[in-house]
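The values are calculated or read from the model by the stated rules, or taken from the named source; none is laboratory data. All values reported here derive from a predicted model rather than from experimental measurement. So basically every Cβ, Gly included, is an ideal-geometry build from the backbone, and we count neighbours across all protein chains shown. SASA here: full protein model, heavy atoms, side chains in, ligands and nucleic acids out. Shrake-Rupley method; radii C 1.70, N 1.55, O 1.52, S 1.80 Å.
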Amino acid sequence: MTIRVLSIASEAVPLVKTGGLADVVGALAGAVAPHDVAMTTLLPGYPAVLAALGKAKQVHAWPSLLGEPARLVAGRIGGHALLVVDAPGLFRRDGGPYVDGNGRDWADNGLRFAAFSRAAADVASGAVRGARFDIAHAHDWQAALCAAYLRFAPAGDAPPSVVTIHNMAFQGHFPRALFDRLDLPPEAWSINGVEYHGGVGFLKAGLESAWAITTVSPTYAREIRHSEFGMGLDGLIRARAGQVHGIVNGIDTHEWDPATDPQLAAPFTVRTLARRATNRARVEAEFGIEAGTGPLFVVISRLTWQKGMDVLLQTIDHLIGCGARLAVLGSGDKALEAGFVAATARHPGRVGVRIGYDEGLSHRMQGGGDAILVPSRFEPCGLTQLYGLAYGCVPVVARTGGLVDTVVDANLAAIAAGAATGVQFNTVTPDALAEAIERTVLLHRQPAVWQAIQRAGMKSDFSWGRSGKAYADLYQQLLEAR
Ligand code: ADP
Ligand code: GLC
């Protein structure tokens, strides 16, 4: 029997993206489809989403969705079913999905994503004629309240719910006053419900209410049981450990295929690695970096503390001292952005920086860079190291979260076994990162070893195959437990 799943999220490729969440939500329907799961994705009606839909069909209307008129429209995303909550007062505005044009959080984010989650619960529990779902699968805090609505105030027959944590650092925490606008019964205001430190916790409420919890790698699933990574919710995760599953992300291997990538000057395969030199020369030219014999390190990242970018800044002089070069694409904290720009002035022709967001450039960097640096302090899964593996851009990663689960460190045993795919280092400090960079430079000086690492990476399993099956199996188990 086909399992019908409503996948609920605040972003999805190719319509709206601020980070890896969008890649994963955009790929999930295709990942589970081979396992007899029909997934419909539900998104908020931001201007870009509505524009992409064109003349879409309205399938439902809410005179008042937590006080706002809204309608539900149907379309397609990547060949799969899409539903969009068009609430003009909440989502039709310029700026980002979460922030205004000046980068400030929208003041009504609590209400916006509560309304979205209320709509999701309605759709999932059969309030919309013609739409039936067996499972509601909500992603991150923006959708997590859906699980609480299904538990405390379902509109009909509530299906089992799954909440996926893509990042425990973002929890959706709002003042007590918001509770009165949520249309939840009084009993929802409890320590086992939505109450969190005297306010409303969206992710917390979802994790308390969901039938199952997943996160995006097995290592992160273990890490969030501890206070260092649990961000205050480690006790809840420990209490629900039996319902917590770690399922590692895959990548979209059509979008990210070095053999066919239209962004690459010289597409290549595992057998034609030498062609990467052409791509490298193009990246160097784009960043104003001089050619050289040392490796070209690349970074494609939010420039934030989570990503260890402050530590990288402190290590740049050492990296250049080792004969390597560095190209950085990213945006985020203003102080970090300024720090990287200053590094280009200190090392002209050796360090290049592009502040901003550029999907095409990110592909070209993966196809031409020698190694990608991911020195994250925590990383639920991480996708850029997976793109690096696929493109022979050797990942140099901190030993945390999904980075542990996806990269095999080039220690002597792993090299001898032909299993090494990258470099891992332990603590995110300038010394440890410097040592990892030195180790990478030494490996790069041995072409046979380096190419073996690249090839092993390109052949490693970063597809959605196993994880698509794991989600399908979880849905099946929940239906059987019902
Ligand atoms: P996170 O979601 O925590 O930022 P991930 O590694 O899971 O980290 O996903 C980041 C996604 O965003 C990847 O697809 C990456 O290629 C992309 N990305 C990050 N910064 C940029 C940028 N400045 N330009 C283009 N793509 C970027
Ligand atoms: C979050 C995490 C990242 C993960 C992504 C997709 O943004 O920070 O590690 O890869 O979600 O699951």
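At a glance:
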quantity: Selected residue (only one of 19, 75, 95 is without any contact (Cβ under 8 Å) to a residue 12 or more places away in the chain and open to solvent by 10 Å² or more (accessible area, probe 1.4 Å)); calculated: 95
quantity: Residue in segment 70-82 that is closer than 30 Å to residue 248 by Cβ and within 16 Å of ligand 1 (Cβ to nearest atom) present; calculated: yes
quantity: Any chance residue 337 is within 25 Å of residue 267 (Cβ to Cβ), touching a residue at least 24 places away in the same chain (Cβ under 8 Å) and not in a strand (DSSP E or B); calculated: no
quantity: Unmet requirement for residue 6, which otherwise passes all of (1) open to solvent by less than 10 Å² (accessible area, probe 1.4 Å); (2) farther than 18 Å from residue 131 by Cα; (3) away from ligand 1 (no atom under 16 Å from the Cβ); calculated: (2)
quantity: Matching option when the condition is among the small types (Gly, Ala, Ser) and out of contact with any Cys (no Cβ under 9 Å at 6 or more places or on another chain), among 119, 143; calculated: 143
quantity: Members of segment 98-132 found to be surrounded by fewer than 22 Cβ atoms within 10 Å (Cβ to Cβ), in contact with a Leu (Cβ under 7 Å, 6 or more places away or on another chain) and under 18 Å from residue 17 (Cα atoms), listed by number; calculated: none
quantity: Residue within segment 397-419 that is more than 16 Å from ligand 2 (Cβ to nearest atom) and closer than 18 Å to residue 312 by Cα present; calculated: no
quantity: Residue pairs meeting the criteria (Cβ under 6 Å; at least 6 apart or on separate chains; first closer than 15 Å to residue 117 by Cα, in segment 156-173; second within 16 Å of ligand 1 (Cβ to nearest atom) and of a type in the set (Ser, Thr, Tyr)); calculated: 164/214
quantity: Condition check for residue 326: closer than 26 Å to residue 261 by Cβ, open to solvent by less than 10 Å² (accessible area, probe 1.4 Å) and part of a helix (DSSP H, G or I); calculated: no
quantity: Residue satisfying all of: in segment 368-402; hydroxyl-bearing (Ser, Thr, Tyr) and within 12 Å of ligand 1 (Cβ to nearest atom); most open to solvent (accessible area, probe 1.4 Å) among these; calculated: 384
